[in-house]
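Throughout, read-outs are computed from the coordinates displayed, never taken from laboratory work. Note that the structure is predicted; figures quoted are calculated from it, not measured. Neighbour counts run over all protein chains shown; Cβ positions are idealised from the backbone, glycine included.
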Amino acid sequence: MVEVARKKIEPVRSVKGTRDLLPPETGLWQRVEEEARRVFEAYNFREIRTPVLEETALFRRSVGVDTDIVTKEMYTFEDRDRESLTLRPEATASVVRAYIEHSLFNEGGIHKFYYLGPMFRRERPQKGRFRQFYQIGAEVLGSDHPAVDVELLEMLTLLVERLGLRDVRLLVNSVGCARCRPEYVKILKQALEGVKSKLCADCQRRAETNPLRVFDCKVEADQATIAGLPRIIDHLCPECRQHFDLVTRGLKERNISYSIEPRLVRGLDYYTRTTFEMTSGALGAQNALMGGGRYDGLAELLGGPPTPGFGVAIGEDRLLLAVAEAGALEPSSPLGAYIAWMGDGAYGPAQKLARELRHSGLSVEIGYDARKLKKSLGAASKLGARFAIILGEGELASGRYQVKDMTSGQQEEVEPARIAAHLKQRIGTGFRSLAG
Ligand code: HAM
């Protein structure tokens, strides 16, 4: 007989910079998303879902051809029909594209959207930085009123508070508008002429092509030189100055603490006027929990009518790191009850009870094979069940089942019809509503 050499099959692994999110961690993601939806909907934002795939031109035009995102980080490929497509690196451009494509401007008024989903940037992976990461974003289209900026920042402060985060800082700045920014860029370019030779190769290129991008530089040796450059905040036109003053005044009136960060120009080209970031002390080097700003010219850049906009994107992966560290949030839907049944005659009533409890909204597990009580209770405890419901011959005869609190060990006899109400009362909703 010929021996056939068995080839060892290498398992396929996930792509660098991407990861699987597994339970129980996904429970915490769901809680955070649920909380974001509640807070956003309280401020009258509605969900929008746009495709993950977009034409490459969308991001070249909006994010900007000189940005790190477009020059180095996009997942761009030619489709079979030669069209250039890109996995979205962010979603603001997509939201504005959809707003134009569906002529939502014809409805007039203000549109408020929020979105959740994966984004893709080919960055060097590290703590809090992935190639596939998730954002929770919110965009307001149709108003250039500074109160829009203040209200969104208030909403974000509420979300962060409700997630139990501490050590979060709000940084704000203004990057001016199409009128005052070119003047400032001239001044910046002149200043850069004098110091360019001390900066990294990327900055030397940026000094020529798009000087504002010098502020995105992360090279440590460049930082002292960059700190000495003129600040945009000192060169705003009267309208931009007034907008900024009204935003900061509004923040003060609402007791939202902030610091002005004159170097905060943000890594995307579409911003005008207000820019902001919230950082978290829980995150290490990648400490930007979220970022955003105003983009009053973006709709026109994308071929739509003039439509001012303001928005944010929260880095959900980073938010989760901060939430886990703060430890104030429990993962959603813990297992409510495990049904421990004994003896063949008990399976029918046990699965009937399981179905009733599940239909009433409780999370319930039941063993499929007859087991000894000790084994069933072991399974209940391993699964983290809040209660075990015990039914064997004795319970069936008396018509009252044993309900065991797995935390305190206390046991009570309850009629099957009353078990759902009994458990719900004990477990509570597990989730605070906005009112509570
Ligand atoms: P961004 O600053 O590029 O802005 O991204 C927003 C947030 O996404 C960052 O603060 C960070 O928390 C997270 N993030 C970015 N890249 C990564 C990554 N590689 N891994 C993990 N998290 C990451 C925007 O995307 C704009 N669209 C925000 C906006 C909305 N502006 C106006 N509206």
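State the Cα centre-to-centre distance between the range 309-332 and the range 145-222 in whole Å.
Each part reduced to its Cα centre gives a spacing of 23 Å.
What are the semi-axes of the equivalent ellipsoid for the chain, taken as the square roots of 5 times the Cα gyration tensor eigenvalues, largest first, in whole Å?
52, 27, 21
Run through all the Cα pairs of the range 162-306 and give the fraction in each 5 Å bin from 0, expressed as whole percent.
2, 9, 17, 20, 19, 16, 11, 5, 1, 0
Just to be sure I follow the definition: excluding the sites themselves, where is the longest run in the chain that has none of the GluC sites (Glu not before Pro) in a DSSP loop with at most 16 other Cβ atoms within 10 Å?
No qualifying site falls inside 84-436, the longest such stretch.
Under unit Cβ charges (Lys, Arg +1; Asp, Glu -1), what dipole magnitude, rounded to 20 debye, does the range 337-427 have relative to its Cα centre?
Dipole about the Cα centre, nearest 20: 300 debye.
Compute a Gaussian network model of the chain, connecting alpha carbons closer than 10 Å, and tell me which residue from Gly17, Gly309, Gly293 fluctuates the most.
Gly17
Out of Pro331, Pro51, Pro349, any idea which swings most in a Gaussian network model of the chain, alpha carbons joined below 10 Å?
Looking only at Pro331, Pro51, Pro349, the largest GNM fluctuation is found for Pro349.
Excluding residues fewer than 8 places away in the same chain, name every one of the lysines whose C-alpha is closer than 26 Å to that of Lys196.
Lys72, Lys186, Lys218
Positive end of the dipole of the chain, charges at C-beta (+1 Lys, Arg; -1 Asp, Glu), about the Cα centre: which of Phe105, Pro334, Pro11 has its Cα farthest in that direction?
The residue sitting farthest along the positive end of the dipole is Pro11.
Loop only by DSSP, 13 or fewer other Cβ within 10 Å of the Cβ. Give me the trypsin sites (Lys or Arg not before Pro) in the range 25-90 that pass, ordered by residue number.
Passing sites in the range 25-90 are Arg49, Arg80, Arg82.
Can you tell me, using C-alpha contacts under 8 Å and at least 6 residues apart, the relative contact order of the chain as a whole percent?
This gives 16 percent for the chain.
Which ³J(HN,Hα) values in Hz, rounded to whole numbers, follow from the phi angles of the range 139-144 under the Karplus curve 6.51 cos²θ - 1.76 cosθ + 1.60, where θ = phi - 60° and Gly and Pro get x?
9, 10, 10, x, 8, 9
For the chain, modelled as a GNM with alpha-carbon contacts under 10 angstrom, which of Pro182, Pro118, Pro11 fluctuates the most?
Residue with maximal mean-square fluctuation among Pro182, Pro118, Pro11: Pro11.
For the range 251-356, which trypsin sites (Lys or Arg not before Pro) are both in a DSSP coil and crowded by at most 13 other Cβ atoms within 10 Å?
Those satisfying the criteria are Arg254.
Taking the Cα centre of the chain as the origin, how large is its charge dipole in debye, to the nearest 20, when only Lys and Arg (+1) and Asp and Glu (-1) carry charge on their Cβ atoms?
Using Cβ point charges on Lys, Arg, Asp and Glu, the chain gives about 960 debye.
Restricting to Cα pairs below 8 Å that are 6+ residues apart, what does the relative contact order work out to for the range 286-393? Please round to a whole percent.
Across the range 286-393, relative contact order equals 27 percent.
Normalised by the empirical 2.2 N^0.38 Å for globular proteins, what value does the Cα Rg of the range 337-427 take?
Dividing the Cα radius of gyration by 2.2 N^0.38 Å gives 0.95.
Could you tell me how many degrees, from 0 to 90 and to the nearest 10, lie between the Cα long axis of helix 416-427 and the main elongation axis, the longest principal axis, of the Cα atoms of the chain?
Relative to the chain, helix 416-427 is tipped by roughly 40 degrees.
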